[in-house]
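Bear in mind that the values in this text are calculations on the coordinates, not laboratory data. Being a predicted model, the structure only gives us computed values, none of them experimental. Ideal geometry is used to build each Cβ from the backbone, glycine not excepted, and the neighbour counts take in all protein chains shown.
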Amino acid sequence: MLTLDDSRPAWAGLRRCFGEKAFPLLKLFKSYRQIEQERLFRLYRSATTVLMMCYGNICRSPFAGMLLSRLAESKVVTSAGTYLKAGRKSPTEAEVAAAAFGIDLKNHCSRVATEDELRMSDMMIVFDRKNWLAIRSMCPEVMQRVAYLGAADPNEPLEVRDPFGQGVEEFHRCYGRVQHLLDQLVKSMPEELPKSTAAKGARP
C-alpha cells in the first residue's frame with residue numbers, strides 16, 4: 001500500500017521560505033508594522049523579564065537595555081548578542097553618543113546569549129531581521145516571544161539599523177530613535193510612564 005510521508009516538515013519549510021522572500025516587502029507596509037506593534041505591546045505588557053538582543057551586544061542592545069531599565073523599573077532588563085565572542089567593549093563612538101542620553105557604556109562588556117537564557121526570558125526584543133533569524137536558528141521554539149523594537153512606532157521603519165563602523169552622528173541618530181521607540185513601548189502600559197531622560201539627548 002502506497003503511503004505518503006508526513007508533509008508537515010515540507011510545509012513548514014515552504015512557509016519559512018515564503019516568509020523570508022516576503023519580509024522585505026511586508027515591512028514596507030504600515031498595516032504590517034501595526035500588526036507587529038500589537039505583538040510587541042502584548043508581549044511587553046505581560047513580560048517581567050526582557051532580553052534586548054542585537055548582533056554583537058556592543059552598540060544597540062546594551063544602550064537600549066540600560067535605557068529601558070531606567071524607564072521601566074518594574075521590568076528586569078538584560079542584553080546580549082549572538083556573535084560568538086564575549087567580553088568586547090563598545091566602540092568609542094557608541095560611548096560618546098550614549099553619554100548624551102545619560103547612558104554610560106564605558107564599563108560594558110558584551111555577552112553571548114545562551115539557549116537557556118532565551119527559553120527563560122519572557123520576551124526578546126530585536127532590532128533587525130538578522131537578529132530575528134539568529135534567534136530562530138539558535139532556539140526556534142521561542143519565536144512566539146520575539147518582537148521588533150522598531151514596531152513601537154509603525155510610522156517609522158520596522159528595523160533599527162546597526163550603527164557599528166559609523167561615526168558619532170550616526171550613533172546619536174540611532175540612539176535618538178531607540179529612545180523614542182522605548183518611550184512608545186513604555187507608554188503602552190498605563191501604569192508605566194517614561195521618566196525624564198537627558199535633555200540634550202532628547203528627541204525633538
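How big is the shadow of the Cα convex hull of region 30-198, averaged over all directions, in nm²? Mind dumping the intermediate values first?
Details: hull surface 35.3 nm².
Over every viewing direction, the Cα hull of region 30-198 projects on average to 8.8 nm².
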Gain upon complete extension [Arg161, Leu28; 0.36 nm per residue less C-alpha separation]: 46.4 nm
Too long at a 30 Å Cα-Cα cut-off: which of Lys106/Lys130; Lys89/Lys130; Lys30/Lys85; Lys130/Lys187; Lys27/Lys187? Lys30/Lys85
Charges at C-beta only: +1 for Lys and Arg, -1 for Asp and Glu. How large is the resulting dipole of region 54-103 about its Cα centre, in Debye rounded to 20? 160 debye
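Using a 10 Å cut-off around each Cβ, can you sort Lys89, Lys21 from fewest to most neighbouring Cβ atoms?
Listing Lys89, Lys21 from fewest to most nearby Cβ atoms yields Lys21, Lys89.
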Relative to the Cα centre, what is the charge dipole magnitude of region 30-198, using +1 at the beta carbon of each Lys and Arg, -1 at the beta carbon of each Asp and Glu, and rounding to the nearest 20 debye? 160 debye
Amide H within-cut-off set for Val112, under 5 Å, with H built and near neighbours excluded: Gly81
HN-Hα J in Hz across region 46-53 - Karplus 6.51, -1.76, 1.60, θ = phi - 60°, x for Gly and Pro: 9, 8, 9, 10, 10, 10, 7, 10
Rounded to the nearest 0.05, what FRET efficiency do Met143 and Val96 have when you use their Cβ-Cβ distance and R0 = 35 Å? 0.50
